[in-house]
Each structure stands twice: as C-alpha cells, then as structure tokens.
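Below: the structure, in structure tokens.
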Amino acid sequence: MAVSIKSPREIELMREAGKILAKTHEELGKQLRPGMTTWEIDHLGEEIIRSYGCKPSFKNYNGYPASICVSVNDEVVHGIPDKKHYIKEGDIVSLDAGVIYKGYHSDAARTHGIGEISKAAEQLIEVTKQSFYEGIKFAKPGNHLNDISTAIQKYAESFGYGVVRDLVGHGIGSHLHEDPEVPNFSRRRKGIRLQPGMTLAVEPMINAGRYEVVWLDNEWTVVTRDGSLSAHYENTILITGDGPEILSLTHA
Ligand code: MF3
Ligand code: CO
C-alpha cells in the first residue's frame, strides 16, 4: 500500500492523540513501584487512557489481551500483563502503549528502571533512547527511510549492542500499523523518500547482547535469545518541512 500523507485535519487529530499518549506515559511511569504486578500496571494504564476519552489501541489487536505491553528485563516487546508477575528493584520495565483519539492512533514506548538499577542497565536504556534521536535527525524531506534506519543501527552497535531485526517500526494513522516498515537496521536499499505529512512510529528495540530474539509459547512475548537485557524506545513522529515533530513527546 502507498504511504499516506496526512491532511492538516488528520495531523491535528494525531497531535492530540500524541499529547494524550505522552501524558499517559508520564503518569504511568511515575506510579511504578517494586511489588506491583505487571497486571496492575496495565490496569492503571488503561484507566489513564480512558480518563482522556481515548481507547487503548492494543486491546484485542490481533487478539492481544491487554492495553499496555509490559516487558521486563530480557523481554523485548509484547510482554503480557500477569497478576503473578511482580516487578522488583533492579528490573528494567518497558511500557509500550497506544491510544486512539477520534479514529487516529499514536504509539510510544519507554523503558524504566525500578529503583536502583545496574550501570549496564542504565546505559542500555539511555543508548536506546539516544538511538531514536540519532535516527530522527534524518527524518526530513529529501532523505530516505534507510537514512533513519542506518543511523539508529550505527549508534546502537557502536556500544556493542544487538539491534533487533525481527520487529520493525511502522507508518501510523487511522490504523496502528501502516506502510512503510521502519527498520532499526540498514536494509541497504534506500527505501521511500520522506515527505511532509508522513507519520511514523520509530521504535528501536536494543539488546545488551546479541540481536537474536525468540517468541515465548504465548505467541506474543519476544525475549532475547541469549537472555540479555533489552530496552525499547518509541515515538510517533510527523515529517514536516523543517524536520521531525515528535507527537508523543514526554517531559517527565
Ligand atoms: N508498538 C507495538 C507495535 O507497533 C505495539 C503493538 S502491540 C499489539 O507493534 F498488541 F498491539 F500488537
Ligand atoms: Co509501534
């Protein structure tokens, strides 16, 4: 399918969706405590999203059973909230959330440390976030999609980290997943030319060890094959004439 260019009206709705999602992440991130279950995190997140009059994008998406993907330590993405999974001091917890506002989606992820975490874990979280920023330096008209992908990969690999290959970012709009795919690694061919009005979910998933991942038997949860920690950082961005606008920008 062709990559859609959003109209000014669609962009306004996506800005609003992004703002609400950013507030959701800010509020939810502040509530994380050792001893909570991943189920409680999902429940709180869903309540926050609904308090803004939005719907969670992920609930029942292809059968996904929750609103927030909660992925702990070696879980890369799509962790399933569980009443028996307690988070503890030293864990790293990736929260991936999506909201639908008046028919338009926004999608963003953050990785949080619980209490005091190792220096290695702190660096992984920081580098994953920065790899997103290195990538979107290239998110402007005239550049190609692969410029973003290559920058993310170069930055993360310069720390010896593994860049997940089996999952990618995506276009976003009236559907959660639209064309194009947005890899976090170079596919060598240039990919599409970026144009104002394109909206993309750019989402590096970075492993402290090797890049390979495996799926758990629940058919959702992706974990690192070598058991190393993994972090995730994602925002919904808009390509403008002046460069990227981060629609899901958080401040807390
Ligand atoms: N950010 C993830 C993605 O783009 C979230 C999807 S989780 C799902 O794939 F449950 F909705 F599938
Ligand atoms: Co996404």
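The values are calculated or read from the model by the stated rules, or taken from the named source; none is laboratory data. The structure presented is a predicted model; accordingly, all values stated were derived computationally and were not measured. Positions of Cβ are generated from backbone atoms using ideal geometry, with glycine treated the same way; all protein chains shown enter the neighbour counts.
In the set 210, 187, only one residue is surrounded by fewer than 18 Cβ atoms within 10 Å (Cβ to Cβ) and under 16 Å from residue 76 (Cα atoms); that residue is 210. Looking at (1) of a type in the set (D, E, K, R); (2) free of Cβ contacts under 8 Å to residues at least 40 places away in the same chain; (3) touching a strand residue (DSSP E or B) at 6+ places or on another chain (Cβ under 9 Å), which is the one condition that is false for residue 217? Only one criterion in (1) of a type in the set (D, E, K, R); (2) free of Cβ contacts under 8 Å to residues at least 40 places away in the same chain; (3) touching a strand residue (DSSP E or B) at 6+ places or on another chain (Cβ under 9 Å) is unmet by residue 217, namely (3).
Could you tell me whether residue 22 is in contact with a Phe, Trp or Tyr (Cβ under 8 Å, 6 or more places away or on another chain), outside any loop (DSSP other than H, G, I, E, B) and within 28 Å of residue 166 (Cα to Cα)? Here the answer is no, as residue 22 does not meet what is asked.
Of the residues 133, 64, the single one that is without any contact (Cβ under 8 Å) to a residue 12 or more places away in the chain and of a type outside the set (Asp, Glu) is 133. Annotation: residue 203 fulfils all but one of (1) touching an Asp or Glu at 6+ places or on another chain (Cβ under 8 Å); (2) farther than 30 Å from residue 30 by Cα; the unmet one is (2).
Residues of region 229-251 that are small (Gly, Ala, Ser) and surrounded by fewer than 20 Cβ atoms within 10 Å (Cβ to Cβ): 241, 243.
Checked against (1) buried (at least 19 other Cβ atoms within 10 Å of the Cβ); (2) within 16 Å of ligand 1 (Cβ to nearest atom), residue 166 passes all but a single condition, namely (1).
Each residue in region 86-105 was checked for being under 19 Å from residue 123 (Cα atoms), of a type outside the set (D, E, K, R) and more than 16 Å from ligand 2 (Cβ to nearest atom), and 3 pass. Among the residues of region 106-157, those identified as within 16 Å of ligand 2 (Cβ to nearest atom), buried (at least 21 other Cβ atoms within 10 Å of the Cβ) and of a type outside the set (A, V, I, L, M, F, W, C) are 106, 107, 110, 111, 128, 131, 135, 149.
Residue 173 meets all of the listed conditions (1) surrounded by 15 or more Cβ atoms within 10 Å (Cβ to Cβ); (2) out of contact with any Ser or Thr (no Cβ under 6 Å at 6 or more places or on another chain); (3) more than 29 Å from residue 91 (Cβ to Cβ) but one, namely (2). Of the set (1) farther than 30 Å from residue 89 by Cα; (2) modelled with pLDDT of 95 or more, all apply to residue 124 but (1).
Restricting 3, 99 to residues that are more than 18 Å from the chain's Cα centre (by Cα) and within 19 Å of residue 203 (Cβ to Cβ) narrows the list to 3.
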